[in-house]
């Protein structure tokens, strides 16, 4: 894991407000989920991570099959990445093997408090451009981790909806679901 510096800002507003000022929304924040498992300060819990993804899907009225891309929390640490893989398998079942998943932290570093905003911006761009961004510097598969890691090169693919995961110390988990603006 490499720390990064940066900031990300999103304008989230009601559709009526955006239309009134002539803005063209980039995407719809369709749902969110949050959970707090608080089992350990540094060891993530797959149940808490899965729960927040399930809550985001439920809030958005989406099924796991609707998701084409997940921007993983993906810190590059054994504890986090294996936990997130288990959580993805819990939510997506066998379909997790074909789900495009990447971590963009190898590009921008782990910006700690800014990571969620930066990664949501990237997820919105992935949805807009219909392309799954890569996990760069990926060398080889880890048998404990997700089977389709979007390794090293961005991949065009249909994305009807996407998730952005953020999992913090102490088991504080958040997941946002985005869909195209219609």
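Below, the figures for the structure above:
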quantity: Folded to 0 to 90 degrees: helix 78-92 orientation relative to the chain principal axis, Cα; calculated: 60
quantity: Cβ crowding within 10 Å averaged over residues, with 62-74, 156-168 ranked highest first; calculated: 62-74, 156-168
quantity: Residue 32 paired with residue 97, simple spin-label distance in nm, labels 7 Å along Cα-to-beta-carbon; calculated: 3.5
quantity: Value at 222 nm in deg cm²/dmol, rounded to 500, when DSSP H runs of n ≥ 4 in the chain each add -39,500 (n - 2.57); calculated: -9000 deg cm²/dmol
quantity: Between region 131-165 and region 50-126, the alpha-carbon center distance in angstrom; calculated: 10
quantity: Sequence ranges 1-9, 96-104, 130-138, ranked by mean other-Cβ count within 10 angstrom, highest first; calculated: 96-104, 130-138, 1-9
quantity: DSSP beta bridges in the chain [antiparallel fraction, %, rounded to 5]; calculated: 65
quantity: Cα pair distances in region 102-153, grouped into 5 Å bins until the bin that holds the longest one, percent each; calculated: 4, 19, 27, 24, 17, 8, 0
quantity: Label zone at residue 24 (point 7 Å along Cα-to-Cβ), backbone N below 17 Å, region 147-182; calculated: 180-182
quantity: Calculated over region 27-179: convex hull of Cα atoms, volume per residue (Å³); calculated: 90
quantity: Ordering of 148-155, 52-59, 37-44 by packing [mean C-beta count within 10 Å, highest first]; calculated: 52-59, 148-155, 37-44
quantity: Within region 59-75: backbone nitrogen closer than 18 Å to the residue 129 label point (7 Å, Cα to C-beta); calculated: 68-72
quantity: Between helix 46-60 and the chain: long-axis angle, C-alpha atoms, 0 to 90°, nearest 10; calculated: 20
quantity: Scattering profile of region 13-115 at q = 0.25 Å⁻¹ [log10 I(q)/I(0), Debye over alpha-carbon scatterers]; calculated: -1.43
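All of the numbers you see were taken from the coordinates with simple rules; none came from a lab. Here the structure is a predicted model, which is why all the values come from computation and not from measurement. Every residue, glycine as well, gets a Cβ built from its backbone with ideal geometry; the counts of neighbours run over all protein chains shown.
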